[in-house]
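Asker: My questions will all concern the structure given below.
Values in this text are rule-based calculations from the coordinates and carry no lab data. All figures in this text were calculated on a predicted structure; none of them were measured in a lab. Here the Cβ positions follow ideal geometry from the backbone for every residue, glycine too, while neighbour counts run over all protein chains shown.
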Amino acid sequence: MCQESRATTSPDVSTPDRHERLANLYDAHAPRVYAYCLRQVGVHDADDALAETFAITWRLLERVPDDALPWLVATARNVVRNDRRRAGRRRELTDRLRDVQAYAPGAGEIVADREAMLAALAALTDREREALLLIAWDGLEPRTAARVARCTERAFRARVTRARARLDVLLAPHPAQEDRYAH
């Protein structure tokens, strides 16, 4: 017998004996374990909890004591608790996704925002636009961007500040636009 098969099956319990022991455990205790599952999770999930309990029993059959009912009920309790934790995590994730989708703009809004940004950038001076794009688009640090723009870092930072201020004014919603988004 190879090492791998010894790890999955006890040498003193052959596969027919394992099947017989599981069948005996199921016949003797499944109704009571099922009743426990019904009380915990209701009709819709009790069958799954019972099936998972006996799947675990099969995998850990060598550990099941002679007085198996308490072990089986404890296993069913763990199955139910794990399922509840999974369901809770699933609900949390669904809620988070719902929140993200509530704030996600639609395609029309994205296009409108993009067009507004391009128009605002076009309204800036060449130096202001270059300063913003060197930082935001090219990802340069102000010191490096200042060298590219052939000015001092202080002058470059002043350009960025002016450009951001003008961009804020250009992108500020006008009263007509606010009415459009109020609906």
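Asker: In whole Hz and in residue order, list the ³J(HN,Hα) couplings for the range 121-137 that follow from phi through the Karplus curve 6.51 cos²θ - 1.76 cosθ + 1.60, θ = phi - 60°; x for Gly and Pro.
Answerer: 4, 5, 7, 6, 5, 4, 5, 5, 4, 4, 4, 5, 5, 4, 7, 6, 8
Asker: Run the numbers for Thr125 and Arg86: contour at 0.36 nm per residue of separation, minus the present Cα-Cα distance, in nm.
Answerer: Length difference between fully extended and current span is 8.5 nm.
Asker: So how do 110-117, 134-141, 26-33, 76-83 stack up, highest first, on mean other-Cβ count within 10 Å?
Answerer: Going by the mean number of other Cβ atoms within 10 Å, highest first, we get 76-83, 26-33, 134-141, 110-117.
Asker: Work out from phi, with θ = phi - 60° and the Karplus expression 6.51 cos²θ - 1.76 cosθ + 1.60, the ³J(HN,Hα) of each residue of the range 140-154, listed in order in whole Hz, and give x for Gly and Pro.
Answerer: Using θ = phi - 60°, the values come out as 7, 6, x, 4, 5, 4, 5, 5, 4, 7, 6, 8, 6, 4, 4 Hz.
Asker: 7 Å from Cα along Cα→Cβ at both Asn24 and Ala55: what's the point-to-point distance in nm?
Answerer: Output for this residue pair reads 2.6 nm.
Asker: If we sort 42-51, 124-133 on the protection proxy, mean other Cβ atoms within 10 Å, highest first, what's the order?
Answerer: Highest mean packing first, the order is 124-133, 42-51.
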